[in-house]
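Starting off with a structure, shown below.
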Amino acid sequence: MAEYQNVQVEVAAPVAVVTIDRPKVLNALNDQTIAELTSAFTALEADTSVHAVILTGGGEKAFVAGADINELKACDVRASIDKSIKGQNLLNLIENSRQVVIAAVNGFALGGGCELMMACDIRLASATARIGQPEVSLGIIPGYGGTQRLPRLVGRGKAKQLILTGDMIDATEAHRIGLVEEVYPAEELMAAAKKMAAKIASRGPVAVATSKRCINLGLDVDLRSGLEYEYTQFGVMFSTGDKEEGCGAFLEKRKPEFKGR
């Protein structure tokens, strides 16, 4: 794993922790941080020993408080489109990873930070988290997928309310509307994320990755097409060693030892 300036990666297989480490600027996403995150997640995707990844922010105040406003101020049309594409490519990489990515939202998750957490499979928040898409207050719009992922998670009306007002919501409200799955006291957040990641990583890796892919694809197609994809992938599972091990372990009343194949 490469060494980075703004990102820390800790691997304790089968779980990895990726920390955005710019606490002095509330972990703002500048171009370098986007590039480092892209490199880190690309490397993790190739690491077959890692089955779950926790993404969090350094320090106690922020997950990611947004984009680097100084960089945004300097952008022209071409540079802004390039920035948006690079950010969207990173979030697509996370969303489509074979690994399960858990966002441990430990503070402000604004703008690009909200978009980043929405690309993760599961979002856990501390009680101190504050979440929002405030781009309209800067005279711009979300550029890393906020206008697309937010309505898919919370519905069209609530997404419009959040994006068009630019308002922040607290963790309790985010949980109520389905934007985060669980809320924990700040001091318990990482332990809870690691416990969930370890549980997921203990399951059949091929089955977990395939389930994630079926859910993601199903949201973008009609029900009939999604069901057809599911039964096809269900059949594929019966050609795997993990299926033999899982069923055998159940019948033999022992813990399965999955190999991920």
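The values are calculated or read from the model by the stated rules, or taken from the named source; none is laboratory data. What you see is a predicted model; the values in this text were computed from it and never measured. Virtual Cβ from ideal backbone geometry, glycine too; neighbours counted across all protein chains shown. Accessible surface is based on the protein model in full, side chains and every heavy atom, while ligands, DNA and RNA are left aside. Shrake-Rupley method; radii C 1.70, N 1.55, O 1.52, S 1.80 Å.
Of the conditions (1) of a type in the set (Lys, Arg); (2) touching a helix residue (DSSP H, G or I) at 6+ places or on another chain (Cβ under 8 Å); (3) open to solvent by 90 Å² or more (accessible area, probe 1.4 Å), Lys253 clears all except one; give me its number.
Single failed check for Lys253: (2).
Here is a further query. Being closer than 25 Å to Ile85 by Cα and in a loop (DSSP other than H, G, I, E, B), is that true of even one residue in the range 148-155? Before the answer, list the steps.
Taking the range 148-155 and keeping what is closer than 25 Å to Ile85 by Cα, we get 148-155.
Filter once more, keeping what is in a loop (DSSP other than H, G, I, E, B): 155.
Within the range 148-155, one or more residues are closer than 25 Å to Ile85 by Cα and in a loop (DSSP other than H, G, I, E, B).
Just the residues that are open to solvent by less than 50 Å² (accessible area, probe 1.4 Å), within 15 Å of Ala104 (Cβ to Cβ) and of a type outside the set (Val, Ile, Thr), please, taken from the range 1-20.
Ala16
I need the full set of residues from the range 118-148 which are open to solvent by less than 50 Å² (accessible area, probe 1.4 Å), in contact (Cβ under 8 Å) with a residue 40 or more places away in the chain and charged (D, E, K, R), in order please.
Residues satisfying the conditions are Asp121, Arg123.
Evaluate the range 164-183: report whether one residue or more is part of a helix (DSSP H, G or I), exposed (fewer than 15 other Cβ atoms within 10 Å of the Cβ), small (Gly, Ala, Ser) and modelled with pLDDT of 95 or more.
no
I've got another one for you. Do we have Gln88 as buried (at least 16 other Cβ atoms within 10 Å of the Cβ) and farther than 16 Å from Thr33 by Cα here?
Details: buried (at least 16 other Cβ atoms within 10 Å of the Cβ): yes; farther than 16 Å from Thr33 by Cα: no.
Against the criterion (buried (at least 16 other Cβ atoms within 10 Å of the Cβ) and farther than 16 Å from Thr33 by Cα), Gln88 does not qualify.
Give the residues of the range 212-261 that are among the aliphatic types (A, V, I, L, M), within 19 Å of Arg98 (Cβ to Cβ) and in contact with a Lys or Arg (Cβ under 7 Å, 6 or more places away or on another chain), sorted by residue number.
Those that are among the aliphatic types (A, V, I, L, M), within 19 Å of Arg98 (Cβ to Cβ) and in contact with a Lys or Arg (Cβ under 7 Å, 6 or more places away or on another chain): Leu219, Met237.
Let me ask you something else. If you go through the range 133-143 one residue at a time, do you hit one that is touching a helix residue (DSSP H, G or I) at 6+ places or on another chain (Cβ under 8 Å) and within 19 Å of Val18 (Cβ to Cβ)? Give the steps one after another, and end with the answer.
Quick first cut of the range 133-143, residues touching a helix residue (DSSP H, G or I) at 6+ places or on another chain (Cβ under 8 Å) only: 133, 135-136, 138, 140-143.
Keeping just the survivors that are within 19 Å of Val18 (Cβ to Cβ) gives none.
Within the range 133-143 (the criterion being touching a helix residue (DSSP H, G or I) at 6+ places or on another chain (Cβ under 8 Å) and within 19 Å of Val18 (Cβ to Cβ)), the answer is no, since none of the residues qualifies.
Tally the residues that are among the hydrophobic types (A, V, I, L, M, F, W, C) and farther than 10 Å from Glu230 by Cα, restricting the search to the range 203-217.
To start, the set of residues in the range 203-217 that are among the hydrophobic types (A, V, I, L, M, F, W, C) comprises 206-209, 214-215, 217.
Going one step further and asking which of them are farther than 10 Å from Glu230 by Cα, we end up with 206-209.
Looking only at that region, the number is 4.
I've got another one for you. What number goes with the only condition from (1) open to solvent by 40 Å² or more (accessible area, probe 1.4 Å); (2) within 25 Å of Arg149 (Cα to Cα) that Ile94 does not pass?
(1)
How about the range 2-31: which of its residues are under 12 Å from Gly59 (Cα atoms) and not in a loop (DSSP other than H, G, I, E, B)? Give the steps one after another, and end with the answer.
Of the range 2-31, the ones under 12 Å from Gly59 (Cα atoms) are 19-27.
Hits for the range 2-31 are Thr19, Ile20, Pro23, Lys24, Val25.
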